[in-house]
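Colleague: Sharing a structure, written as structure tokens. Questions coming.
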Amino acid sequence: MELTPAQRAQVRKRSRVDAKDPLDDELNIVPFLDIVINLIMFLLMVTTSIASYTQVSATLPDYGPPVPDQGQRNLNLSVLLGEEGVRVTSSLGHLTSGCESFSSESAVTVSASARGHNWARLSDCLAQAQELADARGLHYRGPYGNARITISAEPLVAYQDLISAMDAARSRNGQALFRDVRISAGVR
């Protein structure tokens, strides 16, 4: 079967491959840039809002040995949070569980229960520690007159417990206790 010239022209026309210029198919990058810019703005807004809500007012202990003010002995009160409870120590020793005196034996000052730590009891013990220090003439105030305390925690203690201990050390029944709260590594 032989094709007519018109049929041959039609076959050639339909079987011809058009060579496209690779520059004709440009990548449309504008929608992609719109998405990226929106993501960057969203991430910046989220990080600034999170950073402003999660700030805790605390200072780190000074590097070096403590310098006593005017020849006074320092109390150097510190709180160690643990799973079994809270230990309060000072330059006089460990605060006993009744919070009435300091002892050379290591003891848990405020025991933890199944419900957690007793932060009100910790505030009471810290107030009694201030009274004991005042009775013995021990210095526990920082350079600006604020009562100073150092808080540290064992590695498995929850972050919320550390924050609650800081709050318990700062005030008791609306009265200021230790305004200069410092965080330290868990050195035992």
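Colleague: Of everything in the stretch 143-173, what is outside any strand (DSSP E or B), surrounded by 16 or more Cβ atoms within 10 Å (Cβ to Cβ) and either modelled with pLDDT under 85 or among the small types (G, A, S) (or both)? Give them in sequence order. Please lay out each step first, then the result.
Modeller: As a first pass, look at the stretch 143-173 and keep what is outside any strand (DSSP E or B): 143-146, 154-170, 173.
Retained after the next criterion (residues that are surrounded by 16 or more Cβ atoms within 10 Å (Cβ to Cβ)): 157, 161-162, 164-166, 168-170.
Correct list: S164, A165, A168, A169.
Colleague: Kindly indicate which of G145, G82 is out of contact with any Ser or Thr (no Cβ under 7 Å at 6 or more places or on another chain), at positive phi and not basic (K, R).
Modeller: Numbers: G82 fails: at positive phi.
Going through G145, G82 in turn, the sole match is G145.
Colleague: May I pose another question? Which residue is nearest to R115 (Cα to Cα), if the candidates are limited to the stretch 137-162 and must be in contact (Cβ under 8 Å) with a residue 40 or more places away in the chain and among the polar types (S, T, N, Q)?
Modeller: Among residues in the stretch 137-162 that are in contact (Cβ under 8 Å) with a residue 40 or more places away in the chain and among the polar types (S, T, N, Q), the one nearest to R115 (Cα to Cα) is S152.
Colleague: Right, another one. Restricting the search to the stretch 174-188, which residues are open to solvent by 50 Å² or more (accessible area, probe 1.4 Å), on the phi < 0 side of the Ramachandran plot and more than 20 Å from the chain's Cα centre (by Cα)?
Modeller: Q175, A176, R188
The values are calculated or read from the model by the stated rules, or taken from the named source; none is laboratory data. Bear in mind that the values here come from a model prediction, so they are computed numbers and not experimental data. Virtual Cβ from ideal backbone geometry, glycine too; neighbours counted across all protein chains shown. We work out accessible area using only protein heavy atoms, side chains counted, and drop any ligands, DNA or RNA first. Shrake-Rupley method; radii C 1.70, N 1.55, O 1.52, S 1.80 Å.
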